Amino acid sequence: MTEQEKVKLIQGITEDIIRISVTDHKGKKISEHEKAVELLARALHDFSVYYLTPHSHHEESLKGTVAKVKIAYNTLERMKKTNVSITRINQ
């Protein structure tokens, strides 16, 4: 398998992940993990597009890709923090 074919395979897989992510969940709440996975798949898909068209100038598009990766990271990092709620009980 050539390098180009491998990148096209990555592109196809990420398209499938995105397609699965945006299907109608019929009222089901989407978890933060699912949102992060979708963002990472979109970023990887964008990156594969840049790779397959190296002759183009992608500076602005790369900023968007970096933003998606940062948002996904921040989402996962926020989930790691525990939410502690203290409630006083009057006796």
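The values are calculated or read from the model by the stated rules, or taken from the named source; none is laboratory data. Remember, predicted model here, so these are calculated numbers, not experimental data. For neighbour counting, all protein chains shown are included, and Cβ atoms are generated from backbone atoms with ideal geometry for every residue, glycine included. SASA here: full protein model, heavy atoms, side chains in, ligands and nucleic acids out. Shrake-Rupley method; radii C 1.70, N 1.55, O 1.52, S 1.80 Å.
Using a Förster radius of 25 Å, what is the FRET efficiency between residue 3 and residue 59 based on their Cβ-Cβ separation? Nearest 0.05, please. Don't jump to the answer; show the numbers that get you there.
Values: r = 23 Å, r/R0 = 0.93.
Efficiency, from the Cβ-Cβ distance: 0.60.
Roughly to the nearest percent, how much of the accessible area of the chain is carbon and sulfur, given a 1.4 Å probe?
Its accessible area is 59 percent carbon and sulfur atoms.
Please report, for the Cα atoms of the chain, the Rg to one decimal and the Dmax as a whole number; what are they, in angstrom?
18.4, 72
Could you go through the stretch 50-64 in sequence order and give the Karplus-derived ³J(HN,Hα) for each residue, using 6.51 cos²θ - 1.76 cosθ + 1.60 with θ = phi - 60°, rounded to whole Hz, and x for Gly and Pro?
Calculated HN-Hα couplings, in order: 4, 5, 6, 10, x, 6, 8, 8, 10, 4, 5, 5, 5, 4, x Hz.
Find out how many positive minus negative residues lie around residue 24, taking Lys and Arg as positive, Asp and Glu as negative, among other residues whose Cβ is under 15 Å from that of residue 24. Write down the numbers at each step before the final one.
Details: positive: 19, 26, 28, 29; negative: 34, 38.
Every neighbour counted, the sum reads +2.
Which aspartates and glutamates does residue 35 reach when only Cα atoms under 20 Å apart count, and residues fewer than 8 places away in its own chain are ignored?
Leaving aside aspartates and glutamates fewer than 8 places away in the same chain, those within reach of residue 35 are 15, 16, 24, 46, 77.
Accessible area per residue for the stretch 3-90 in Å², computed with a 1.4 Å probe and the full protein assembly in place, what is it? Can you show the working numbers first?
Working: 7120 Å² over 88 residues.
Each residue of the stretch 3-90 exposes 81 Å² on average to a 1.4 Å probe.
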